[in-house]
Amino acid sequence: MRRFIQSRWTRIGLMVATLGVAFFGIPALVHAADPNGADTIAANPNAGLNMAWTLIAGFLVFFMQLGFAFLGAGLIRSKNTMNYMTKSFLDFCIASLGFWAFGFALMFGGSKLWPGLEDGNTVIGFSGFFLTGENYDVSTIMGWFFQMVFAATAATIVAGAVAERMKITAYLAYSFIIGALIYPIYGHWMWGGGWLGTLHIGGAIGARDFAGSGVVHTVGGLAALVGAWMVGPRIGKFNSDGTPNLIKGHNLPYVAIGTFILFFGWFGFNPGSTLAATDLRISVIAVNTFLAGATGAVVAMYWKFARTGKADLVLACNGALAGLVAITAPCAFVAPWAAVVIGAVAAPVMIGTAYLVERVLKVDDVVGAVPVHAGAGIWGLLAVGIFADGTYLDVSGLVDGSANQLVLQIIDVLVVIAWTVATAAITFYAIKKTIGLRASKEEELAGLDVPEHGTEAYPADVPVRVAAATGAAD
Amino acid sequence: MRRFIQSRWTRIGLMVATLGVAFFGIPALVHAADPNGADTIAANPNAGLNMAWTLIAGFLVFFMQLGFAFLGAGLIRSKNTMNYMTKSFLDFCIASLGFWAFGFALMFGGSKLWPGLEDGNTVIGFSGFFLTGENYDVSTIMGWFFQMVFAATAATIVAGAVAERMKITAYLAYSFIIGALIYPIYGHWMWGGGWLGTLHIGGAIGARDFAGSGVVHTVGGLAALVGAWMVGPRIGKFNSDGTPNLIKGHNLPYVAIGTFILFFGWFGFNPGSTLAATDLRISVIAVNTFLAGATGAVVAMYWKFARTGKADLVLACNGALAGLVAITAPCAFVAPWAAVVIGAVAAPVMIGTAYLVERVLKVDDVVGAVPVHAGAGIWGLLAVGIFADGTYLDVSGLVDGSANQLVLQIIDVLVVIAWTVATAAITFYAIKKTIGLRASKEEELAGLDVPEHGTEAYPADVPVRVAAATGAAD
Amino acid sequence: MRRFIQSRWTRIGLMVATLGVAFFGIPALVHAADPNGADTIAANPNAGLNMAWTLIAGFLVFFMQLGFAFLGAGLIRSKNTMNYMTKSFLDFCIASLGFWAFGFALMFGGSKLWPGLEDGNTVIGFSGFFLTGENYDVSTIMGWFFQMVFAATAATIVAGAVAERMKITAYLAYSFIIGALIYPIYGHWMWGGGWLGTLHIGGAIGARDFAGSGVVHTVGGLAALVGAWMVGPRIGKFNSDGTPNLIKGHNLPYVAIGTFILFFGWFGFNPGSTLAATDLRISVIAVNTFLAGATGAVVAMYWKFARTGKADLVLACNGALAGLVAITAPCAFVAPWAAVVIGAVAAPVMIGTAYLVERVLKVDDVVGAVPVHAGAGIWGLLAVGIFADGTYLDVSGLVDGSANQLVLQIIDVLVVIAWTVATAAITFYAIKKTIGLRASKEEELAGLDVPEHGTEAYPADVPVRVAAATGAAD
């Protein structure tokens, strides 16, 4: 009975999709804007180039899922690896179906960015469900693809923070909600024609988040914070006096491998957000992205080296990721020297946030998702208001003599925190009271792989597992 | 002596290539169509964009080789990992050289798709050998590249099915044959101007296989079936009463990693098959590809979860791959809602085919290559005839009120089965009688790595291997 | 105190960067050529396509870093894996910051290739520091990105050769120097308007190295030779009579994985070096790259198989890489048949160089970086003079009836050897006398991971490590 409830809840996404096909899908055959693109390219000869650019960038963003998979898998113990990989693989599938069914419509309805997105207001959109009718258009579908991989990124950030104790069913239910509701509604405010992206202060128009330090990373990072807090720390993470223990992962080279892949994918994430290769600012965006990531890694590594004499690879990787997260909002608005500064600051911001999360809030964030994505993400939002130099889209920060943009960015930070913490708390609370968030103590101690997935991650290496079973390990 | 025969046989590809250089290569300096592309781009200003698109898509398809490598490596035991990786790495090298020497000419000769492909009929082509003479042209060479990575994909599908017992020499001989003969001749019928792609029934013109559910995946999957059947099951796979045992792989997270990479590469496979970014249908193709893969994963995972309460990662991955294989033929012809349906159906088709292969045919397909590539591939071919909505290239299926296309697709299914099973059977039989297909019983029990490759896969981790050698493992 | 010196030295890059921001960065706000690209694309409608092509190719080259990471990690023992991965990850960060601060200006100053690069002579450049002022231009920044990933590739080649005994601090200091000085100055001679690329002999103008067999690979490979020689062989590598022992790596499948990734990235490396997709020669370049790599793998594999009856995966991978390195210089100038020959010759050149390095020079090159990158790289430089067929950029070799180009290529080979050996020797000698090159004997025996990085690579798999510590292993 309990199993039935669990599975029912998590099947909601699937049922909704099925119903959607029945009710919304068939009309797609009747109404369509430009499903083969002949009219679109006749009207705009650059449409092919810009579509190719946007799609390829989207492919790279998709590939970041593998980076997250490696990163998290490296930082957990082998007994929970199947569980983590299943979450990592299924969350983008489920979140994307949620985004297909609802999210895209809530986020871009009313934006009129592409055909079939006419209906919506500054708070929420309500056109674009299931990519049907007028949405069956090459431009709208291109837009959906690029936005979907962003939504899937926000979803998967959480997996690492709640690893090693959250039930698979609970996690997949959350994945659907963030893709269908949490991410899109805030996203609408910023990118979908909503109030936050159009707010005027002085001459500055709209809070700016070019590629999603806020929309993707801070949302994901704060959802991770709430999730990790509500599910509670792993057994053994904190001592009775509240001091934390380091629980080492089982494959630390995977952390560097995952970071390489994420870094690679970020070249789709940021430069692709122009949605146009005819916008030559893409080279500046790519270089800013690179410099911030490289600087974040170097600063984090040497910070630790100066203190301990050890070159900490995992911290260097998180430093790179913090730099990349931080540059995501300002990447298009700043000069290369500013990217170096933003990356350099991101590293200590990440380190400080990690201290705050673990030592002050006593939250067990297994992979450092909160400091990397929320800590550096908030810094990135503020950096727009500081370093935007006025050379692109008329966005000017303190270095260009204007404080208005910084005020807008501060408002954005407050909004993203309030929205995400509130909705993530409601979501995880609701899941806790229905499905239950956490595996049993026995399952956690044994590892989630066998009870939830029916197999160990490395089953043929029996001698290792036998040895592990003696209790000397993990 | 036996070793000499073995190596001689497999060196055929190399000798042919060498001879080819001597006889065909030198004339390349004399005749050439447009080897630097100056005339081509003067005639068509979009040639640069479309070439960039096609090449980048081809790079992604090439990268799928790594996905197949991870996927198979994860599902085998560590004692056969060097053998599998060698097959996985060398098969694309050898198949591609076979495609360079012979395959491309047999497949596209007479198609007149690019310069130097004038000679051929509807059954077989005979111009384009070794990319010499008029083939030394930027467009022809671009076409060769994209088609070659497809041929290499078909070849590598087989590696997983015959893993852990087929000899390396036998497998590499087969790789050359599929790249040089089996794949190209059927491919000619469908894509090279041959009879199958031009057959008329009512108003429908030609069986349609946009990116190769049939040409690549069904051919590869059925060759895998024949190969796995002829080499026989692994020792211990079937009990004396015919019931199968589950032989677990040594690194199941690799299955998810491989699937992520394959999914990524599929964005080259399907959208790239337009060979043009000026054809804006590429966005619809990308989204259909994504939706079918995501839906396949979700359906397969929940199907198993509903029955056992376990979230089976390997099955979810195979579900994603089945969705991707199935959408490959219809990806350009259907609407997003239909992609969801095609992916949803692909999962049970894959599961049913797996049952058929293992329980009825008693064939030991180590990685599930047959259900994923042949089962879902055939479903994909049929899906064109059902869901094609008439918005692209005038291809109309049942949902658009026409049954003619479905009839053509059924003919195609029968043809691909007959051709592949027959030629693969002849090929593997010939290899069996000359080189021999199967490693000795002693080699199989010890693992193929040391006898065939001279080293274990993880040699420095001696304690693990020592423990394994005690017999408690694998 | 010693630690302070060590860390101080390696922090030079960071301090320089900080100073650079203070002195050079701020003016970027004042002077700029075309920071948002509006003028550039108005002047050249193809600028968007060519920028997209160049950036995407650069992303692929960046991704090669992951290939090097896997390759090296597979060939070392697990006790040094954190050390290797840290080097692999940080070297591109540090080398690229060195290239940002100094290298780009030394290399391209005076080339006038892009805005802000006016000052320089044929020996050295001196404009373009920190991407400031007139360099804040979309074209210049695009150029920087593509060149930077090449510099980072040269840097990381060394990591594998000196693995398992060079100190992390020493290695990172070297990384900064190669990115800031060694690579760029020779690069200026060849690609930055310097004397080597403009030297006239008969009708031939300039030594030619299309994508860097010399500039990137031979420089990296020879720096690796010098580094490996100066740091000395690993304990146990050579017996007292000078004969070498094979020290096996801990994860040989990683070698194939790394090779797949490098192969994939090479499609950015070579075809991207046109910096333009409107140059349709890109298809020929891609195919030549592929054919040389595939042929190198097949020849190396069968060479070993003919001698030992074993299919050696690691050698096949190095054969593929040798083919890829060799084709890098001539890729644009030769026909496909010549690419097959170049790849086929590259394999024995690599094997012969490996023999020379290990048996004659008695240098311990852990991953074979010297034979693959320097051996095959030199062969590639010479191959331009032999096989260039005159169809592209008027470069003609022996097959087109001219010997002048070959003379230029021989000069280039002598220059690159003299320059790299001399500067690398000075660099490593200076590091040896200040920081010290080599870890202590105790650290080397225990593995560098714990003493230098504070953790093992696979810490949660305690039973394996415990067993390893008994001394039966590694």
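What tally of residues in the range B:377-428 results from selecting those that are open to solvent by less than 10 Å² (accessible area, probe 1.4 Å) and within 18 Å of A:Pro35 (Cα to Cα)? Please lay out each step first, then the result.
If we filter the range B:377-428 for residues that are open to solvent by less than 10 Å² (accessible area, probe 1.4 Å), which is where we start, we get B:377, B:380-381, B:383-385, B:388, B:395, B:397, B:405, B:408-409, B:412, B:416, B:420, B:424, B:428.
In the following step, the residues that additionally are within 18 Å of A:Pro35 (Cα to Cα) were identified as B:384, B:388, B:395, B:397.
So the count comes out to 4.
Which residue out of A:Thr198, A:Thr169 is of a type in the set (Val, Ile, Thr) and within 22 Å of A:Ala105 (Cβ to Cβ)?
Values: A:Thr169 fails: within 22 Å of A:Ala105 (Cβ to Cβ).
Selected residue: A:Thr198, the only one of A:Thr198, A:Thr169 that is of a type in the set (Val, Ile, Thr) and within 22 Å of A:Ala105 (Cβ to Cβ).
May I ask you to say which residue of C:Val341, C:Val325, C:Val345 is at pLDDT 95 or above, at the interface with another protein chain (Cβ under 8 Å from one of its Cβ atoms) and part of a helix (DSSP H, G or I)?
On the way: C:Val325 fails: at the interface with another protein chain (Cβ under 8 Å from one of its Cβ atoms); C:Val345 fails: at the interface with another protein chain (Cβ under 8 Å from one of its Cβ atoms).
Only one candidate passes the filter, namely C:Val341.
Being part of a helix (DSSP H, G or I) and touching a His at 6+ places or on another chain (Cβ under 9 Å) is the filter; apply it to the range C:300-321 and report the residue that is farthest from the other protein chains (Cβ to nearest Cβ).
Of the residues in the range C:300-321, the ones part of a helix (DSSP H, G or I) are C:300-308, C:313-321.
Subsequent filtering for residues that are touching a His at 6+ places or on another chain (Cβ under 9 Å) retains C:313, C:321.
Details: C:Leu313: 4, C:Leu321: 12 Å.
That would be C:Leu321.
Looking at the range A:294-340, which of its residues are aromatic (Phe, Trp, Tyr) and at positive phi?
Let us first name the residues in the range A:294-340 that are aromatic (Phe, Trp, Tyr), namely A:302-303, A:305, A:333, A:337.
Listed by number, the list is empty, since nothing qualifies.
Could you list, in sequence order, the residues of the range A:98-111 that are open to solvent by 10 Å² or more (accessible area, probe 1.4 Å) and either in contact with a Ser or Thr (Cβ under 9 Å, 6 or more places away or on another chain) or within 14 Å of chain B (Cβ to nearest Cβ) (or both)?
Kept after step one, since they are open to solvent by 10 Å² or more (accessible area, probe 1.4 Å), are these residues of the range A:98-111: A:102, A:106, A:110-111.
Matches in the range A:98-111: A:Gly110 only.
Kindly indicate the residue of the range B:112-156 that is in contact with an Asp or Glu (Cβ under 9 Å, 6 or more places away or on another chain) and open to solvent by 20 Å² or more (accessible area, probe 1.4 Å) and also nearest to B:Thr198 (Cα to Cα) among those meeting that condition.
This residue is B:Lys112.
Quick one: is B:Thr40 surrounded by fewer than 24 Cβ atoms within 10 Å (Cβ to Cβ), assigned to a helix (DSSP H, G or I) and facing chain C (nearest Cβ under 8 Å)?
Working: surrounded by fewer than 24 Cβ atoms within 10 Å (Cβ to Cβ): yes; assigned to a helix (DSSP H, G or I): yes; facing chain C (nearest Cβ under 8 Å): yes.
Criteria met by B:Thr40.
Any residue that is within 14 Å of another protein chain (Cβ to nearest Cβ), more than 27 Å from A:Val287 (Cβ to Cβ) and at pLDDT 95 or above - is there at least one of those in the range A:359-366? Write out each step before concluding.
Step one: of the range A:359-366, the residues within 14 Å of another protein chain (Cβ to nearest Cβ) are A:366.
Now restrict to residues that are more than 27 Å from A:Val287 (Cβ to Cβ): A:366.
In the following step, the residues that additionally are at pLDDT 95 or above were identified as A:366.
Among the residues of the range A:359-366, at least one is within 14 Å of another protein chain (Cβ to nearest Cβ), more than 27 Å from A:Val287 (Cβ to Cβ) and at pLDDT 95 or above, which makes the answer yes.
Which residue pairs have Cβ atoms closer than 6 Å, lie 6 or more positions apart in sequence or on different chains, and pair a first residue in the range B:265-293 that is over 19 Å from B:Gly319 (Cβ atoms) and more than 7 Å from chain A (Cβ to nearest Cβ) with a second residue that is in a loop (DSSP other than H, G, I, E, B) and open to solvent by less than 10 Å² (accessible area, probe 1.4 Å)?
Matching pairs, first to second residue: B:Ser273/B:Ala211; B:Ile285/B:Asn270; B:Ile285/B:Cys331; B:Ile285/B:Ala332.
Quick one: which residue in C:Phe126, C:Phe150, C:Phe145 is more than 9 Å from chain A (Cβ to nearest Cβ) and in contact with a Leu (Cβ under 9 Å, 6 or more places away or on another chain)?
Working: C:Phe150 fails: in contact with a Leu (Cβ under 9 Å, 6 or more places away or on another chain); C:Phe145 fails: more than 9 Å from chain A (Cβ to nearest Cβ).
One residue alone meets the criteria, C:Phe126.
Is it the case, given these coordinates, that A:Gly249 is more than 9 Å from chain C (Cβ to nearest Cβ) and crowded, with 24+ Cβ neighbours inside 10 Å? Please lay out each step first, then the result.
Numbers: more than 9 Å from chain C (Cβ to nearest Cβ): no; crowded, with 24+ Cβ neighbours inside 10 Å: yes.
Taking the combined requirement at face value, the residue does not satisfy it.
Per-residue answers, yes or no, for (1) under 20 Å from A:Val334 (Cβ atoms); (2) away from every other protein chain (no Cβ under 14 Å); (3) at pLDDT below 95:
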{"residue": "A:Ile378", "(1), (2), (3)": "yes, yes, no"}
{"residue": "A:Thr434", "(1), (2), (3)": "no, yes, no"}
{"residue": "A:Glu443", "(1), (2), (3)": "no, no, no"}
{"residue": "A:Ala468", "(1), (2), (3)": "no, no, yes"}
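Condition first: within 14 Å of chain A (Cβ to nearest Cβ) and aromatic (Phe, Trp, Tyr). Now tell me which residues in the range C:153-206 satisfy that.
Within the range C:153-206, C:Tyr171, C:Phe176 qualify.
From the list C:Ala388, C:Ala472, C:Ala460, which one is aliphatic (A, V, I, L, M) and modelled with pLDDT of 95 or more? Break it down stepwise before answering.
On the way: C:Ala472 fails: modelled with pLDDT of 95 or more; C:Ala460 fails: modelled with pLDDT of 95 or more.
Answer to the selection: C:Ala388.
If you scan the range A:378-395, which residues turn out to be out of contact with any Asp or Glu (no Cβ under 7 Å at 6 or more places or on another chain) and either of a type in the set (Asp, Glu) or over 17 Å from A:Ala344 (Cβ atoms) (or both)? Give the derivation first.
Looking only at the range A:378-395, we keep the residues that are out of contact with any Asp or Glu (no Cβ under 7 Å at 6 or more places or on another chain), and these are A:378-380, A:382-387, A:391-395.
Answer for the range A:378-395, where residues must be out of contact with any Asp or Glu (no Cβ under 7 Å at 6 or more places or on another chain) and either of a type in the set (Asp, Glu) or over 17 Å from A:Ala344 (Cβ atoms) (or both): A:Gly385, A:Thr391, A:Tyr392, A:Leu393, A:Asp394, A:Val395.
Do the conditions hold for B:Thr122, that is, is it modelled with pLDDT of 95 or more and within 18 Å of B:Gly227 (Cβ to Cβ)? Break it down stepwise before answering.
Values: modelled with pLDDT of 95 or more: yes; within 18 Å of B:Gly227 (Cβ to Cβ): no.
Answer is no for this residue.
Looking at the structure I just gave you, is C:Asn83 open to solvent by less than 10 Å² (accessible area, probe 1.4 Å), touching a residue at least 40 places away in the same chain (Cβ under 8 Å), closer than 24 Å to C:Phe428 by Cα and within 11 Å of another protein chain (Cβ to nearest Cβ)? Walk me through how you get there before you give the answer.
Details: open to solvent by less than 10 Å² (accessible area, probe 1.4 Å): yes; touching a residue at least 40 places away in the same chain (Cβ under 8 Å): yes; closer than 24 Å to C:Phe428 by Cα: yes; within 11 Å of another protein chain (Cβ to nearest Cβ): yes.
Yes, satisfied.
Please state which one of B:Ala339, B:Ala316, B:Ala332, B:Ala322 is more than 19 Å from the chain's Cα centre (by Cα), closer than 21 Å to A:His453 by Cβ and surrounded by 24 or more Cβ atoms within 10 Å (Cβ to Cβ).
Working: B:Ala339 fails: closer than 21 Å to A:His453 by Cβ; B:Ala332 fails: closer than 21 Å to A:His453 by Cβ; B:Ala322 fails: more than 19 Å from the chain's Cα centre (by Cα).
Sole residue among the options that is more than 19 Å from the chain's Cα centre (by Cα), closer than 21 Å to A:His453 by Cβ and surrounded by 24 or more Cβ atoms within 10 Å (Cβ to Cβ): B:Ala316.
Condition first: within 14 Å of chain A (Cβ to nearest Cβ), of a type in the set (A, V, I, L, M) and in a helix (DSSP H, G or I). Now tell me which residues in the range B:393-414 satisfy that. Show your work before the answer.
Here is the first cut: in the range B:393-414, the ones within 14 Å of chain A (Cβ to nearest Cβ) are B:393-402.
From what's left, of a type in the set (A, V, I, L, M): B:393, B:395, B:398-399.
Passing the criteria: B:Leu398, B:Val399.
The values are calculated or read from the model by the stated rules, or taken from the named source; none is laboratory data. Just so it is clear, the structure is predicted and the values come from calculations on it, not from any experiment. Every residue, glycine as well, gets a Cβ built from its backbone with ideal geometry; the counts of neighbours run over all protein chains shown. What goes into the accessible areas is simple: the full protein's heavy atoms, side chains included, and nothing from ligands, DNA or RNA. Shrake-Rupley method; radii C 1.70, N 1.55, O 1.52, S 1.80 Å.
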